[in-house]
Amino acid sequence: MTRLQSVGSHIAVIAVDETKGEIDVRPFEKISLTRRTCNQLELHCPRDFAWRNGDYVLYLARKQYPTERFFWMLEPDVEHSFSSDSALFEHFDTQTDVDLLTPYFRESTVGWWWSQTARVRSTGVKRALFCIVRLSAPAIDLCLRERQKGRRSLRDRLCWANDEAFVATEIVYAGLSAADLNDFEPPAYNVGTLGFDKPINGAVESFRRFPNMIYHPVLYGSEFLKRIARIAEAEKTSYFVIKRRKLQRLLSAFTLDALRAGRQAR
């Protein structure tokens, strides 16, 4: 949390998941994420809302700081090689006409699971990576209104969209502007510095060898080792699932051939 001292003129606040009790973060200011605070904003809270709906933090921040024009949100495993957090934010300060700034902003694909949760819009389903985002106040207000509408829809509640699909899709559909962090020079990330699940070992200082870049997910010690083990287990499981499916297809083919042969023999 000491990094919050390097934000310059920006207001730095910690968003805290307090669904299981209050957490003391003094001397820093905080945004408390609970069912109660979200229900006060008329937000639907599925069982995993604190994980699924990172955009809720932005609605709470907008309520807590109503005069701010833009809001950044960074996950704790985001790091960078800018000279300071303030320098990172200032890199995009001139982009005042952009309502949503995010990495990997693009069209969604059928293979992305969250695609099926977003509303069907004429502009199609969009996607983003929500580890670091900036939204304008009007964009946050728009998304909050649409979330509140969704709370009254049985279809939306049964298939509640995650933050990445919902925010990106609704902002584009409403005609607001959205851009990728790399739409501006110089680029702020690449596939080697910022991704979804491939961890970066924070203990190896050389990971910051590229200047003015954003890194994610940066993990340390046991957290890094746990993520590596989980990826290895997932790959092993995936390998055996593929092998099993191939074997099933092979057995099915043999069975069909045997049945055909038996019929011909008769």
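The values are calculated or read from the model by the stated rules, or taken from the named source; none is laboratory data. Please read these numbers as outputs of a predicted model, since none were measured by experiment. Here Cβ is always computed from backbone atoms with ideal geometry, including for glycine, and neighbour counts include all displayed protein chains.
Residues checked against (1) aromatic (Phe, Trp, Tyr); (2) touching a helix residue (DSSP H, G or I) at 6+ places or on another chain (Cβ under 9 Å):
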| site | (1), (2) |
| --- | --- |
| Pro66 | no, yes |
| Arg69 | no, yes |
| His80 | no, yes |
| Glu90 | no, no |
| Thr94 | no, no |
| Asp97 | no, no |
| Leu100 | no, yes |
| Gly111 | no, no |
| Trp114 | yes, yes |
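For the structure I just gave you, tell me whether Val16 is among the aliphatic types (A, V, I, L, M) and modelled with pLDDT of 95 or more. Criteria met by Val16.
Scanning the stretch 166-194 for residues that are touching a residue at least 40 places away in the same chain (Cβ under 8 Å) and assigned to a loop (DSSP other than H, G, I, E, B) yields Leu176, Ser177, Phe184, Ala188, Tyr189. Within the bounds of the stretch 182-189, is there any residue that is in contact with a helix residue (DSSP H, G or I) (Cβ under 6 Å, 6 or more places away or on another chain), among the hydrophobic types (A, V, I, L, M, F, W, C) and farther than 26 Å from Ser84 by Cβ? Checking the stretch 182-189: not a single residue is in contact with a helix residue (DSSP H, G or I) (Cβ under 6 Å, 6 or more places away or on another chain), among the hydrophobic types (A, V, I, L, M, F, W, C) and farther than 26 Å from Ser84 by Cβ.
Of the listed requirements (1) more than 26 Å from Ala234 (Cα to Cα); (2) in contact with a helix residue (DSSP H, G or I) (Cβ under 8 Å, 6 or more places away or on another chain); (3) of a type in the set (Val, Ile, Thr), Val172 misses just one: (2). Restricting the stretch 195-218 to residues that are surrounded by 14 or more Cβ atoms within 10 Å (Cβ to Cβ) and outside any loop (DSSP other than H, G, I, E, B), the residue that is modelled with the lowest pLDDT is Phe207. A search for C-beta distances below 8 Å between a residue of the stretch 10-30 that is basic (Lys, Arg) and any residue that is surrounded by 11 or more Cβ atoms within 10 Å (Cβ to Cβ) and assigned to a loop (DSSP other than H, G, I, E, B), counting only pairs 6+ apart in sequence or on different chains, returns Lys30/Ile23. Of all residues in the stretch 196-209, those that are among the acidic types (Asp, Glu) have Cβ atoms under 7 Å from Cβ atoms of residues that are surrounded by 11 or more Cβ atoms within 10 Å (Cβ to Cβ) and at pLDDT below 90, 6 or more apart or on another chain, in Asp197/Ile231.
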